[in-house]
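We did not get these values from a lab; they are worked out from the coordinates using the rules stated. What you see is a predicted model, and the numbers here were worked out from it, not measured in a lab. Cβ atoms come from the backbone with ideal geometry, glycine included; neighbour counts cover every protein chain shown.
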């Protein structure tokens, strides 16, 4: 079994789900509006026929809690294992309640079908914990909450910059420095599995901060700055609370300031305060460049480029960066570990990759854009790692 058993809609690197109510409404509208139905739609089984945990498991509030400890051996942290268990029991398409009704598909062909039919404005899962936070703090909806044309309007400036061919290579020099600090710790310290996992999260945070905030956080320093450490801990806490709300372990946060919400609010307040501080510093740099005529029309720096977009406010840029930070840190930390794990399990493939690296970079050469373009096996190995465990 592999982690290709994913929920069918992805959001910022986390599993996304198709909401049953939305799907039910679409099917009901087709069947009652007089619109002609395709042969596939006409043959479709009723939604309630999708297999999955029934009875109390489908009740609002209670049903979500029954999926996890102490009622099962699973927790939000091990939900991929829970999905695998359900697929083994019910088949490749399952229906369950995780705060709201969701459908989870296992077959890659079905996953492809879902993605190919999302349309221009894919309906993405909105984090209700973040929605509650923004509403209670009188903040505008963020990139992760908006849908349809509103989402596209805010996302378009980001895509224009992130999808440029050289958008990543602009940061290679700084990323080389981050990696050197990371490897130095791996070489000189004996780490427990928990410390190893924490180190990868620090690496992901440090490397992504270079792109999003134009600075190092100093998380690899012998005595890291307290503000950076607090920021890192707040990010870990916020992600944990989002996970609890996403998978139904917390449901009352939508109506009450329960423990999950209060913990998230404290963490997110700190994250937002730090992010806005970085944005204001970058705005000063941008204003200086504009006054001196040094700002490039196609500025390769992501943060400065977004700040030069007149349609975006400082708050919107900060929210975009926070969304990208959440999406990037958790996934980068996870998949870096998975990649090394797969290489360790296949030492013959590890040796092939090692030879390619030595041939292209030498024993201690920095990674450059030209070198990266020649590292064919590295790219193939990474794709294979994603295929095996995603």
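In degrees from 0 to 90, rounded to the nearest 10, what is the angle of the helix 20-32 Cα long axis to the longest principal axis of the chain?
With both axes taken from Cα atoms, the answer is about 50 degrees.
Report the equivalent ellipsoid semi-axes for the stretch 346-390 in whole Å, largest first, defined as the square roots of five times the eigenvalues of the gyration tensor built from alpha carbon atoms.
So the three semi-axes of the stretch 346-390 are 20, 13, 7 Å.
Rank by packing, highest mean first: peptides 319-325, 118-124, with packing defined as the count of other Cβ atoms within 10 Å averaged across residues.
The densest-packed peptide leads the list: 319-325, 118-124.
For residue 331 and residue 42, what does the FRET efficiency come to when R0 = 35 Å and r is the distance between their Cβ atoms, rounded to the nearest 0.05?
0.30
log₁₀ I(q)/I(0) of the stretch 118-204 at q = 0.21, 0.23, 0.25 Å⁻¹, via Debye over equal Cα point scatterers, no solvent, to two decimals?
-0.95, -1.02, -1.11
With angles folded into 0 to 90 degrees, how steeply does helix 193-212 sit against the dominant principal axis of the chain? Use alpha carbons for both and round to 10.
Once rounded, one gets 70 degrees.
Among 77, 315, what is the fewest-to-most ranking by other Cβ atoms within 10 Å?
Least to most surrounded, the residues fall as 77, 315.
Could you list 278, 48, 268, 85 so that the one with the fewest beta carbons within 10 Å of its beta carbon is first and the one with the most is last?
Ordered by Cβ neighbours within 10 Å, fewest first: 48, 85, 278, 268.
Treating each Cα of the chain as an identical point scatterer and ignoring solvent, apply the Debye formula and state log10 I(q)/I(0) at q = 0.07, 0.13, 0.15 Å⁻¹.
Each listed q maps to, in turn, -0.38, -1.30, -1.60.
So if I take the centroid of the Cα atoms in the stretch 222-256 and the same for the stretch 180-219, what is the distance between those two points in Å?
So the separation of the two Cα centres works out to 19 Å.
For the stretch 148-331, state the semi-axes of the equivalent ellipsoid (square roots of 5 times the eigenvalues of the alpha-carbon gyration tensor), sorted largest first and rounded to whole angstrom.
After scaling each eigenvalue by five and taking roots: 28, 24, 15 Å.
For every helix of n ≥ 4 consecutive DSSP H residues, a contribution of -39,500 (n - 2.57) applies; sum these over the chain, divide by its total residues, and give [θ] at 222 nm rounded to the nearest 500 deg cm²/dmol.
-19000 deg cm²/dmol
Largest first and in whole Å, what are the equivalent-ellipsoid semi-axes of the stretch 283-329 based on the Cα gyration tensor, each being the root of 5 times an eigenvalue?
Square roots of five times the eigenvalues give 22, 11, 8 Å.
Distance from a point 7 Å along Cα→Cβ of residue 56 to each backbone N in the stretch 246-266: keep the residues under 11 Å and list them by number.
Of the residues in the stretch 246-266, none has backbone N under 11 Å from the label point off residue 56.
Tell me the label-point distance for the pair residue 75, residue 180, using the 7 Å Cα-to-Cβ offset, in nm and rounded to one decimal.
The answer from the label model is 3.9 nm.
First measure r as the distance between the Cβ atoms of residue 196 and residue 310, then evaluate 1/(1 + (r/R0)^6) with R0 = 51 Å and state the FRET efficiency to the nearest 0.05.
Calculated transfer efficiency: 0.70.
For 225, 166, 330, which order do you get if you count the other beta carbons within 10 Å of each Cβ and list the fewest first?
166, 225, 330
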